[in-house]
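In what follows, a structure is listed as C-alpha cells, so that the remarks can point back to it.
The values are calculated or read from the model by the stated rules, or taken from the named source; none is laboratory data. This structure is a prediction, so every number in the text was calculated from the model and none was measured. As a convention, Cβ positions derive from the backbone with ideal geometry for all residues, glycine included, and neighbour counts pool all protein chains shown. Side chains are part of the model used for accessible areas, which takes the heavy atoms of the whole protein and leaves out ligands, DNA and RNA. Shrake-Rupley method; radii C 1.70, N 1.55, O 1.52, S 1.80 Å.
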Amino acid sequence: MSKVRQAVYLSFGVRYATLGIQALTVAILARLLTPAEIGVFSVSMSALAIAQALREFGIGNYIIQEPELDANRIRTALGVAICVSWFLAGVLFLLAHPLALIYREEGMERVVRVLSLIFILNPLGLPAYALLNRQLRLGPLTFVEVASSLAQLVVSVSGALRGASYMSLAYGQL
C-alpha cells in the first residue's frame, strides 16, 4: 500500500475514532453534569478560543513545510512557541478573575486558570508532533490522538463521578 493511501486511511480512522470517543464522552457527561455546570465550562472555553487561535501562530505548519529544516530552526520554532504560549497563559491566568466578574460566575475563574495551564504544556510537544506530521509517521500520530481522547474521557468522567462538577471538564482538557 502506498504511503499516501496509508496516510488517508489512518487519517480517516483516527478522525472517526476520536470523534466516536468524544461523542461517548459528551453522552456520559450529559448524564453526570447539569446544564449549568456544562455552561460554566463552555463559556470559559469560549473565552479561551481567541487565545488558542493566537497560540497556533503557524509554527507547526512552518516545521512541516520548511524545505531546509535543521536543529537550529526547530529550536527557534520551539522558542517562539514557548514565548507566545507562556505569555498567553499568563494573560489568561490574570484575566480569569475579571472574566468571572463579567459573567458573574465565580467558578469560571478556576476553570480559566486550569485551562491556562494547557498553554504552558502544549508548546513542549509541538516540534515532535509537527516532525511526525512532516515525516508522515502516522502510526505514532494515530496513537497520540486516540490516547489523548481516551485520557480526556477517563479524566473527565472520573472527575464528574467524584463530584468535581465543571472542573472535571477542565481537568480532562488539561
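What the table below lists for this structure:
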{"item": "Region 2-51, residues that are of a type in the set (Lys, Arg) and under 16 Å from the mean Cα position of the chain (by Cα)", "result": "15"}
{"item": "Enumerated helices (runs of 4 or more DSSP H) restricted to region 32-111, each holding at least 1 residues that are among the basic types (Lys, Arg) and open to solvent by less than 40 Å² (accessible area, probe 1.4 Å)", "result": "35-56"}
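To keep it simple, each residue is scored yes or no on (1) touching a Leu at 6+ places or on another chain (Cβ under 8 Å); (2) of a type in the set (A, V, I, L, M, F, W, C); (3) at pLDDT 90 or above.
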{"position": "1", "(1), (2), (3)": "no, yes, no"}
{"position": "57", "(1), (2), (3)": "no, yes, no"}
{"position": "60", "(1), (2), (3)": "yes, no, no"}
{"position": "82", "(1), (2), (3)": "yes, yes, yes"}
